[in-house]
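Data block below; observations after.
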Amino acid sequence: MSRILVTGGLGYIGSHTTVELMAKGHEVIVVDNLSNTRESVLDGITAIAGKRPSWVNLDLADAAATQAFFAGNAFDAIIHFAAFKAVGESVEKPMMYYRNNVNALMHVLDYVTSNPSCACIFSSSCTVYGQADHLPISEAAPMKQAESPYGMTKQIGESMLTDAAKAYGLKVTALRYFNPIGAHPSALIGELPLGPPQNLVPFITQSAAGLRGPLQVYGKDYPTADGTAVRDYIHVVDLALAHIAAMDHLMRQEGGDMHVFNLGTGKGSSVLSVIQAFEDATGTALSWAFAPRRAGDVVAAYADTERAASVLGWRAQRSLADSMKDAWRWQEGLPS
Ligand code: WQD
């Protein structure tokens, strides 16, 4: 099998992807500087996979350290998750986001441009579309002005990859995630943001567990069926499996083109319907209240999933109820 580098491999999506890569028999090397996760995630990965992946504590924004790391290593593919990803924080600290997210990708690309047979998968986001003009959103939808520095770093990253692929004949794919939620069914790994959760589902589970106050529902007057904003919530295990399918596809391609795939379920769910799904799936009542809209939020976003289905042979299999059950089981297993 192949030797795969997973940057940010102790993070939420990175850890779930690492266990699926190991289940396929790949040798996985994880790079993570623990800026938004904990070393204990490695224990969860090991318990699921049955063996411990090698982990290097490396800041990819550090050019010298990253160059030294790559000088002693060779990879068949790199899945690049390592980035800061909190939309609101990026507005408060834009230079921290540009410095980290852009430099880290730059230093990974320094290796890939010198080793063009190495396939590179980039963790992108539906954020690049802004508020799309048409729903569901296809990969042909234009990138709009990013709503945040976080979204801009994803747009910059995709532009860097497109230009590098063309100039150096690289194998690159950008995966545009919609809203990743849920946890591994073993409850050994899951979403565990440092500090108060910015995203909806971890706030729901922490509120239901009594760790947070009532959920604030940001906005009730959107032009949607129930007035709350609509998103495409995809189970993190489905998302991890999509990375395997995308990597297998990319390794079979000639270099030079940038491949782009939306990763979602194709279904839109409002905030109120997510709350209802949580209560139905877990039998746990949630305390919540309406609050003003959150700056930067779009009204609705859900994916056209046909390209991933036809080219990668991948579709999301898990339901919103599955995600809620798995998220809650993970939350209940955490030390309070
Ligand atoms: C979802 C909906 C909120 C919290 C962002 C990034 C995206 C991806 C996922 C990385 C919105 C509402 C939320 C709360 C609420 N990041 N909400 N109360 O903003 O759609 O996407 O995270 O991969 O790139 O843009 O996700 O979970 O923050 O919000 O009402 O306490 O829930 O207003 O409508 P978002 P989210």
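Is at least one residue of the stretch 225-233 within 17 Å of Pro136 (Cβ to Cβ), touching a helix residue (DSSP H, G or I) at 6+ places or on another chain (Cβ under 7 Å), within 13 Å of the ligand (Cβ to nearest atom) and not acidic (Asp, Glu)? Show your work before the answer.
Narrowing the stretch 225-233 to residues within 17 Å of Pro136 (Cβ to Cβ): 225, 229-233.
Filter once more, so that each one left must be touching a helix residue (DSSP H, G or I) at 6+ places or on another chain (Cβ under 7 Å): 229, 233.
Applying the additional criterion that residues be within 13 Å of the ligand (Cβ to nearest atom) yields 229, 233.
Adding the requirement that they be not acidic (Asp, Glu) leaves 229, 233.
Among the residues of the stretch 225-233, at least one is within 17 Å of Pro136 (Cβ to Cβ), touching a helix residue (DSSP H, G or I) at 6+ places or on another chain (Cβ under 7 Å), within 13 Å of the ligand (Cβ to nearest atom) and not acidic (Asp, Glu), which makes the answer yes.
In the stretch 160-171, is there at least one residue being within 15 Å of the ligand (Cβ to nearest atom), open to solvent by less than 50 Å² (accessible area, probe 1.4 Å) and touching a Phe, Trp or Tyr at 6+ places or on another chain (Cβ under 8 Å)? Lay out the reasoning, then the answer.
Filtering the stretch 160-171 down to residues within 15 Å of the ligand (Cβ to nearest atom) leaves none.
So far as the stretch 160-171 goes, no, none of its residues is within 15 Å of the ligand (Cβ to nearest atom), open to solvent by less than 50 Å² (accessible area, probe 1.4 Å) and touching a Phe, Trp or Tyr at 6+ places or on another chain (Cβ under 8 Å).
Before we move on, is Leu263 within 12 Å of the ligand (Cβ to nearest atom), under 30 Å from Gly169 (Cβ atoms) and open to solvent by less than 10 Å² (accessible area, probe 1.4 Å)? Can you show your working first?
Values: within 12 Å of the ligand (Cβ to nearest atom): yes; under 30 Å from Gly169 (Cβ atoms): yes; open to solvent by less than 10 Å² (accessible area, probe 1.4 Å): yes.
Answer is yes for this residue.
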Inset, instruction - Kindly list the number of the only condition in (1) in a loop (DSSP other than H, G, I, E, B); (2) acidic (Asp, Glu); (3) away from the ligand (no atom under 13 Å from the Cβ) that fails for Asp238. - result: (1)
Legend entry - Test set (1) out of contact with any Lys or Arg (no Cβ under 8 Å at 6 or more places or on another chain); (2) outside any helix (DSSP H, G or I); (3) open to solvent by 30 Å² or more (accessible area, probe 1.4 Å) - Phe290 fails condition number: (1)
Legend entry - Any chance Arg318 is surrounded by 16 or more Cβ atoms within 10 Å (Cβ to Cβ), among the basic types (Lys, Arg) and within 30 Å of Pro149 (Cα to Cα): no
Legend entry - Test: Ser186 is out of contact with any Asp or Glu (no Cβ under 7 Å at 6 or more places or on another chain) and within 10 Å of the ligand (Cβ to nearest atom): no
Inset, instruction - Taking Ala146 as meeting all but one of (1) open to solvent by 20 Å² or more (accessible area, probe 1.4 Å); (2) within 13 Å of the ligand (Cβ to nearest atom); (3) aliphatic (A, V, I, L, M), write down the number of the exception. - result: (1)
Inset, instruction - Write out, first by first residue and then by second, each pair whose Cβ atoms fall under 8 Å of each other, whose residues are 6+ apart or on separate chains, and whose first residue, in the stretch 178-203, is open to solvent by 60 Å² or more (accessible area, probe 1.4 Å) while the second is at pLDDT 90 or above and within 7 Å of the ligand (Cβ to nearest atom). - result: Pro196/Phe203; Asn199/Asn179
Inset, instruction - For the stretch 228-242, state whether one or more residues are among the small types (Gly, Ala, Ser), within 29 Å of Arg293 (Cβ to Cβ) and modelled with pLDDT of 95 or more. - result: yes
Inset, instruction - Could you list, in sequence order, all residues of the stretch 50-69 that are surrounded by 11 or more Cβ atoms within 10 Å (Cβ to Cβ) and part of a helix (DSSP H, G or I)? - result: Ala63, Ala65, Thr66, Gln67, Ala68, Phe69
Inset, instruction - Name the single residue, out of those in the stretch 283-304 being more than 15 Å from the ligand (Cβ to nearest atom) and touching an Asp or Glu at 6+ places or on another chain (Cβ under 9 Å), that is nearest to Leu175 (Cα to Cα). - result: Asp304
Inset, instruction - Residue by residue through the stretch 247-291, note down the ones that are under 30 Å from His80 (Cα atoms) and β-branched (Val, Ile, Thr). - result: Val260, Thr265, Val271, Val274
Inset, instruction - Take the stretch 294-308 and flag every residue that is among the small types (Gly, Ala, Ser) and part of a helix (DSSP H, G or I). - result: Ala308
Inset, instruction - Working only within the stretch 130-155, note down all residues that are in contact with a helix residue (DSSP H, G or I) (Cβ under 6 Å, 6 or more places away or on another chain) and in a helix (DSSP H, G or I). - result: Pro149, Tyr150, Gly151, Thr153, Lys154, Gln155
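Only residues that are part of a loop (DSSP other than H, G, I, E, B) and out of contact with any Leu (no Cβ under 9 Å at 6 or more places or on another chain): list them for the stretch 14-33, please. Steps first, answer last, please.
First, pick out the residues of the stretch 14-33 that are part of a loop (DSSP other than H, G, I, E, B): 24-26, 32-33.
Residues satisfying the conditions are Lys24, Gly25, His26.
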Inset, instruction - Name the single residue, out of those in the stretch 70-129 being open to solvent by less than 10 Å² (accessible area, probe 1.4 Å), in a helix (DSSP H, G or I) and under 30 Å from Arg293 (Cα atoms), that is farthest from the ligand (Cβ to nearest atom). - result: Tyr97
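The values are calculated or read from the model by the stated rules, or taken from the named source; none is laboratory data. From a predicted model like this one, the values you see are computed outputs, not experimental measurements. Here Cβ is always computed from backbone atoms with ideal geometry, including for glycine, and neighbour counts include all displayed protein chains. Side chains included, ligands, DNA and RNA excluded: accessible areas come from the protein's heavy atoms. Shrake-Rupley method; radii C 1.70, N 1.55, O 1.52, S 1.80 Å.
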